[in-house]
1. Dipole of the chain, Cα-centred, from +1 at each Lys and Arg C-beta and -1 at each Asp and Glu C-beta, to the nearest 20 debye?
2. With a probe of 1.4 Å, find how much accessible area segment 6-106 has per residue, and write the answer as a whole number in Å².
3. Near Pro44, within a Cβ-to-Cβ distance under 13 Å, what is the net charge of the other residues, with Lys and Arg +1 and Asp and Glu -1?
4. Report the gain in length on full extension from Arg18 to Leu51: 0.36 nm times residue separation, minus Cα-Cα distance, nm rounded to one decimal.
5. Using a/c under 1.5 as the rounded threshold, could you call segment 65-115 rounded, prolate or oblate? The axes a ≥ b ≥ c are square roots of the C-alpha gyration tensor eigenvalues, and prolate needs a/b larger than b/c, oblate otherwise.
6. With θ taken as phi - 60° and the coefficients 6.51, -1.76 and 1.60, list the Karplus ³J(HN,Hα) couplings across segment 72-88 in order, rounded to whole Hz; mark glycine and proline as x.
7. Going 7 Å from the Cα of Glu80 toward and past its Cβ, which residues in segment 9-25 have a backbone nitrogen under 11 Å from where you end up?
8. Stretch Val97-Gln71 to full length: gain in nm at 0.36 nm per residue minus the Cα-Cα span?
Amino acid sequence: MAEDTIFAKIARGEVPARIVYQDNDVTAFYDVAPAAPKHVLIIPNKPIRTLNDATEADRRVLGQMLLVARQVAADLGVAESGYRLVMNCNRDGGQSVWHLHLHLLAGRTLSWPPG
Ligand code: AMP
């Protein structure tokens, strides 16, 4: 079982966030320290610590995260200009919050490769 993180509290409405989308499975909200003009995080409402901890039972929520990312990109008006989805995993991946999350970054030309 994953620990109770700030993201689990946001999903439960116990910590304020600028939520842009929520359903029974997934919540999307603006990143508090944006790395791009548009930076939204998409999380499963249920705590999953890292992608390594996801199981076959999480197949549906993992798919829903991608579909929500697509919808958020459209709602933000960046679907055509483009966006990047990033999921950091563990130390070398740069993960700092131990509740699975997908970054949606947009609003400027993003460089590649990432640092
Ligand atoms: P990562 O480094 O991939 O684990 O990303 C964690 C992200 O969560 C960072 O971009 C942080 O700026 C963001 N973050 C941390 N706390 C909050 C919060 N309370 N509300 C919104 N975003 C947050």
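1. Roughly 200 debye for the chain.
2. Roughly 55 Å² per residue, with all protein chains present.
3. It works out to a net charge of +1.
4. Full-extension gain reported as 9.5 nm.
5. oblate
6. Values, residue by residue: 5, 4, 5, 5, 7, x, 10, 4, 7, 5, x, 7, 10, 10, 9, 10, 7 Hz.
7. From segment 9-25, the list is empty.
8. 7.0 nm
The values are calculated or read from the model by the stated rules, or taken from the named source; none is laboratory data. Keep in mind it's a predicted model, so treat the numbers as computed, not measured. Cβ atoms come from the backbone with ideal geometry, glycine included; neighbour counts cover every protein chain shown. Note: areas computed on protein heavy atoms with side chains; ligands, DNA, RNA excluded. Shrake-Rupley method; radii C 1.70, N 1.55, O 1.52, S 1.80 Å.
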